[in-house]
Amino acid sequence: MLSPFAMLNVASRNISTSTPASQIIKLSRLRVVDNSEIGKKAMMEGRPPRCIHVYNKIGVGYIGDRILVAIRGEKKKGILVGLKQQQAPKVPKFDTNNLVLIDDNGTPLGTRIQVPIPHILRTKMKEKTHSKGADYTKLIAIASRFV
Amino acid sequence: MITQDSVQESQNNKKAKQNIEQRKAIPNRYRFIYPEFLPDPDPKYRNLLREKLERMDMLARRTHVAIPEFYVGSVLAVTYSEPHAPGKVNKFVGICIERKGSGLRATCVLRNMVNNQGIEVIYELYDPAIQKIECLRLERRLDSHLRYLRDAPAEYSTFPFDMEPEYLLEGASVPVNEIKVQLNPRPWLEKWERQELKGITELQLPERRIRKAKAAATPWEKYDLMKKYRETIPEEDQNEIFNEVHTKLHEVEITRHRQKHKRAFVRPQKTG
């Protein structure tokens, strides 16, 4: 039998005690919105991926940024395609922090994105794509709807 | 001397009469239809010359793009140039959950559910990229903002993108939608119980939270006349502002009214 204090500890493992961050930083939880196998499984079992690195100089992920996530014990790369945080005028703000998983070449792991994607991502992804580098525009091709 | 005085007096009288007449001509509803013409009451941000210039710019913009009458709770459709879209034009439909800002910085926030994903977009009303603003359903709600729709089930903020505009009868007052929204269980994004909201059903809260809300409440503030005075533009100043813009606004209204009647005619389509 556990002591009452230990019981409290066990119970508290299931609740989050960290204050809500209004931006994507390391250890932020995200929602996978493509239909990749690993993403679907992670969301179904209720263990959404955590951001473990943001590939920019400031360490804060904004719309269209590439991040590294820990998902089902693996490390995968992803692109942020919709954020909860306040956005500029005419850029949509979403109710969840959405992520699309990609591989090192920029090819999405899934074949379809179930939620709308902001139009501004077209330009952002094109800017990030360089010849001989990763091609991120494939992500735009699998989107089902734009807002 | 006496004659001069009397002349001046009569002129003053005339002016006062004119003012009264003009005030009668300005409908009382203007401060609700055009709230962005009233400046920010905070004295830190007052600048009479800038406000005047902004009003001129706003009128110039309104002659090009019709900004209809709408309130928090109305359903709007905004068509705007989107340089990132393939057709360079985009349209968004949603319920107005917030209306903020004054002058050229006036904004509204539209909210909608697309593919079961909540989306909010801020639009600046006087943005030159905006091509058209349509009010699809003109109505008001019980609260000054509807941010609580973020914590409400999806059906309260779902509107189809191909929604048909609903027309009100000529001269009818704006209907108030007295719907009570049932919020999702906690956690919430804001402490709704502290905002004295009328458009939500009774909240189920633990004792502690009720106690804290009671401790944080400031029920005496509604008797604070100076606070109210500082937070609003006095009626005299409002009249002065609307006197300045009234004729131009009225003109714009009339031309829009004419166009609306023109639009009502639908050319029969060839079939077969």
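The values are calculated or read from the model by the stated rules, or taken from the named source; none is laboratory data. None of the values given here were measured: they were computed from a predicted structure. For neighbour counting, all protein chains shown are included, and Cβ atoms are generated from backbone atoms with ideal geometry for every residue, glycine included. With ligands, DNA and RNA removed, areas are computed over all heavy atoms of the protein, side chains included. Shrake-Rupley method; radii C 1.70, N 1.55, O 1.52, S 1.80 Å.
Numerical summary
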quantity: Failed condition for residue B:39, given (1) open to solvent by 80 Å² or more (accessible area, probe 1.4 Å); (2) modelled with pLDDT of 60 or more; calculated: (1)
quantity: Tabulated pairs, the range B:51-69, first under 10 Å from residue B:103 (Cα atoms), second part of a helix (DSSP H, G or I) and open to solvent by 50 Å² or more (accessible area, probe 1.4 Å), C-beta under 8 angstrom, 6+ apart or interchain; calculated: B:52/B:244; B:54/B:104; B:55/B:244; B:57/B:104; B:58/B:104
quantity: Sole exception among (1) more than 10 Å from every other protein chain (Cβ to nearest Cβ); (2) open to solvent by less than 10 Å² (accessible area, probe 1.4 Å); (3) touching an Asp or Glu at 6+ places or on another chain (Cβ under 9 Å); (4) not aromatic (Phe, Trp, Tyr) for residue B:79, by number; calculated: (2)
quantity: Residue list for the range B:216-248, filter: farther than 14 Å from residue B:37 by Cα and under 19 Å from the mean Cα position of the chain (by Cα); calculated: B:231
quantity: Some residue of the range A:86-97 being surrounded by 13 or more Cβ atoms within 10 Å (Cβ to Cβ), under 10 Å from the mean Cα position of the chain (by Cα) and within 20 Å of residue A:25 (Cα to Cα); calculated: yes
quantity: Counted residues, the range A:114-137 - those being open to solvent by 40 Å² or more (accessible area, probe 1.4 Å), outside any helix (DSSP H, G or I) and hydroxyl-bearing (Ser, Thr, Tyr); calculated: 2
quantity: Members of the range A:33-61 found to be open to solvent by 70 Å² or more (accessible area, probe 1.4 Å) and assigned to a helix (DSSP H, G or I), listed by number; calculated: A:37, A:40, A:41, A:44
quantity: Matching residues in the range A:64-76 - criterion: being assigned to a strand (DSSP E or B) and either surrounded by 18 or more Cβ atoms within 10 Å (Cβ to Cβ) or of a type in the set (Asp, Glu) (or both); calculated: A:66, A:67, A:69, A:71, A:74, A:76
quantity: Residue selected from the range A:102-113 under the condition of a type outside the set (A, V, I, L, M, F, W, C) and part of a loop (DSSP other than H, G, I, E, B), by the criterion nearest to the other protein chains (Cβ to nearest Cβ); calculated: A:112
quantity: Enumerated strands (runs of 3 or more DSSP E) restricted to the range B:102-208, each holding at least 1 residues that are without any contact (Cβ under 8 Å) to a residue 24 or more places away in the chain; calculated: B:107-114, B:117-124
quantity: Qualifying residue in the range A:82-101 (condition: away from every other protein chain (no Cβ under 14 Å), in contact (Cβ under 8 Å) with a residue 24 or more places away in the chain and in a strand (DSSP E or B)); calculated: yes
quantity: Test: residue A:133 is small (Gly, Ala, Ser) and touching a residue at least 60 places away in the same chain (Cβ under 8 Å); calculated: no
quantity: Single residue of the range B:121-173 satisfying the filter (among the aromatic types (Phe, Trp, Tyr) and crowded, with 20+ Cβ neighbours inside 10 Å) that is nearest to the other protein chains (Cβ to nearest Cβ); calculated: B:123
quantity: Residue B:244 vs. criteria surrounded by 11 or more Cβ atoms within 10 Å (Cβ to Cβ), outside any loop (DSSP other than H, G, I, E, B), touching a residue at least 24 places away in the same chain (Cβ under 8 Å) and outside the structural domain of residue B:193 (by the TED database); calculated: yes
quantity: Scan of the range B:105-120 for residues that are among the basic types (Lys, Arg) and either within 7 Å of chain A (Cβ to nearest Cβ) or surrounded by fewer than 22 Cβ atoms within 10 Å (Cβ to Cβ) (or both), ordered by number; calculated: B:105
